[in-house]
Amino acid sequence: MPSYATHRLRARDPARSPGQRFAALRTCLAEFAPYGFHATYHHLTRSAGIPPEPEEDPEAVVRAVDELDAARELWRDEFAAWKHRRRAQKAAGVRVPDPPEPVRRLWYPDPERHPGEPLPDVMPRILCALAGGADHCPVCGPGPTTRAWHDGHAAHRLCAGCGTSLAHRLTDPDPEALALRAERWRMVWRRMV
């Protein structure tokens, strides 16, 4: 499978059809999605203004891939610095990384609830998040309250400010919630919401 960089170039290539460029953006999201695939897809289609038919605004895909790429570069820079420090730790015999590997994504189980700010503005806060979870939202800080949300398989405790999952527990399947969630995702996928 071609790399993220290959698909980024395809998404920016004006010689390709808008549909091909949009497909390349979706493949980039499979490689790097700071909010998870669904929530990052929703965020980018909204922030870049990608219409239901990409032919209506072919440059919207370029805006989306540029925003995603700017966030990815922040993560790559942080990860490169961490790898350099980790090599020195290994040479010194340190078995457990200190600090741990930078987080590249948080989990936003409700695709329509995510930070409204551009990805490059949120990415530094994601990078500072602890991999093991937190008592408060790593994006919004300790201020916002939480809210309950059920996806049909698990009950989640989400940040009321941005929607990141702070905790979840598996539950019995709820067919009604699953059907509602599937219908909402179809609307998000078609860029109708």
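If you go through region 85-106 and keep only what is of a type in the set (G, A, S) and part of a loop (DSSP other than H, G, I, E, B), you end up with A92, G93. Summed over region 139-150, the residues that are open to solvent by 40 Å² or more (accessible area, probe 1.4 Å) and either within 27 Å of R184 (Cα to Cα) or modelled with pLDDT of 85 or more (or both) give a count of 8. P102 meets each of the listed conditions (1) over 30 Å from G19 (Cβ atoms); (2) touching a Phe, Trp or Tyr at 6+ places or on another chain (Cβ under 9 Å); (3) at pLDDT 90 or above apart from (3). When D110, D98, D69 are screened for being open to solvent by 60 Å² or more (accessible area, probe 1.4 Å) and of a type outside the set (F, W, Y), only D98 passes.
Restricting W82, W75 to residues that are assigned to a helix (DSSP H, G or I), among the aromatic types (F, W, Y) and crowded, with 19+ Cβ neighbours inside 10 Å narrows the list to W75. Taking interchain pairs and intrachain pairs at least six residues apart, which have beta carbon atoms under 6 angstrom, with the first residue in region 10-27 and within 11 Å of E59 (Cβ to Cβ) and the second part of a loop (DSSP other than H, G, I, E, B)? Qualifying pairs under 6 Å: P18/P58. Of all residue pairs spaced 6 or more apart or on separate chains, those with beta-carbon atoms under 8 Å, a first member in region 60-80 that is of a type in the set (F, W, Y) and a second member that is open to solvent by 20 Å² or more (accessible area, probe 1.4 Å) and not in a helix (DSSP H, G or I) are W75/R104; F79/E101; F79/R104.
Of the strands (runs of 3 or more DSSP E) that lie entirely inside region 107-193, those containing 2 or more residues that are under 22 Å from A33 (Cβ atoms) span 154-159, 165-170.
The values are calculated or read from the model by the stated rules, or taken from the named source; none is laboratory data. If you're wondering where the values come from, they're calculated on a predicted model, not measured in any experiment. For neighbour counting, all protein chains shown are included, and Cβ atoms are generated from backbone atoms with ideal geometry for every residue, glycine included. Side chains included, ligands, DNA and RNA excluded: accessible areas come from the protein's heavy atoms. Shrake-Rupley method; radii C 1.70, N 1.55, O 1.52, S 1.80 Å.
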